[in-house]
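Below is one structure, written out as structure tokens; comments come after it.
What follows draws every value from the coordinates through simple rules; no lab data is involved. Owing to the predicted nature of the structure, the values given are computational and were not obtained by experimental measurement. For neighbour counting, all protein chains shown are included, and Cβ atoms are generated from backbone atoms with ideal geometry for every residue, glycine included.
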Amino acid sequence: MSEGIELRFWAAVHSIESGDEDMLATFYLMNTSLNRNNWRVTDKALEDAYPGLLGKPLGCIPGYRVNHVHEPLEVGKWVRVEKPDGYALATAEITDETAWEKLTGGEWGPVSVVIRAFRVTCSVCGEDITGAPDEHITSGEGHEVIESFTFERVDFVADPAYPQAGILTVGHMAGPGVLYTSQSNMDGAQGPQGNLKPDEKEEKNGMEAQIEELRQQLTDKQKEIDTLKAENENLNGVQTEKDELKERVEALEAERHQERVDTALEARFKAGLVADGDKEAERLKELDDKTLVLLAEDAGKVAERIEKAQPAGPKAKYTKDDKSSFEAAVEDTRERLFGHRREAAN
């Protein structure tokens, strides 16, 4: 837009965050309190204006630490705005790698914010003073109240030291194309107010201390994140070892269970308790180890009782060949059911 009053001020980095893809920086833009250049915006004006920043570029002023001397370099776009409680925060996605390195390295930080006011009133009489300040403003009795404005642009600035929402330039435009500028210098006068008052200096120092504290908190949080990432990698290694041990334990338990199935089946064969070897083997597989041990012991006792209950008399000679034939039958059954023979396993 060509009409209105152009005002420029500095804003500060509020926080920096990075993910797998996005590089985001949040800036504290402005609030509704009276600034030291003797103007303020209303809460409604800020509420109406801040969404308009979405999609606008974050720039780098011509010649500022880049080779683009003739035109501003776009280094990002505004992707999120919010107004928590009387102040505006805006988040930009940084799209330029060099700009991101300078920002996270502390070389860049302050930005120049330009707004254009379309309705300005006097705090004393409430008159519309968009065209020019009235006597209440020029005498210092009152201040300018901006009731309607838009955000024009935001650019990184070169000075490494900055105040919170410090005013750099105030411009009054009497008509299209005519701009009257009041230039501020942070080491000298600050617009209509002149030199900073003691309480304003204290406020400035307190704000800078708060910014420094927030930067330190950001650094500490990043260290905490790095530590957690390292610990997570260690946990992944421990989990892998645990999984490997679990597999080994399960394999040993399966082998031990199969041995107990073999022992119980053989004992029940000898005791004459098995009619169908295949069905008996399948049944025994479903039992736990403790039950298999008990079955093997019981089968041994049954075989012992049967032997004692046999009538006295001449006993058939139990030859080595008879024993070999029985054991061979057992091993044949074992191989058919379980796929291995005991002598082969040994």
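Here are a few things to note about the model shown:
- Among the listed pairs K279/K301; K221/K242; K246/K290; K83/K223; K102/K221, those beyond 25 Å (Cα-Cα): K221/K242; K83/K223
- Put in order of Cβ neighbour count within 10 Å, fewest first, the listed residues V111, V157 become V157, V111.
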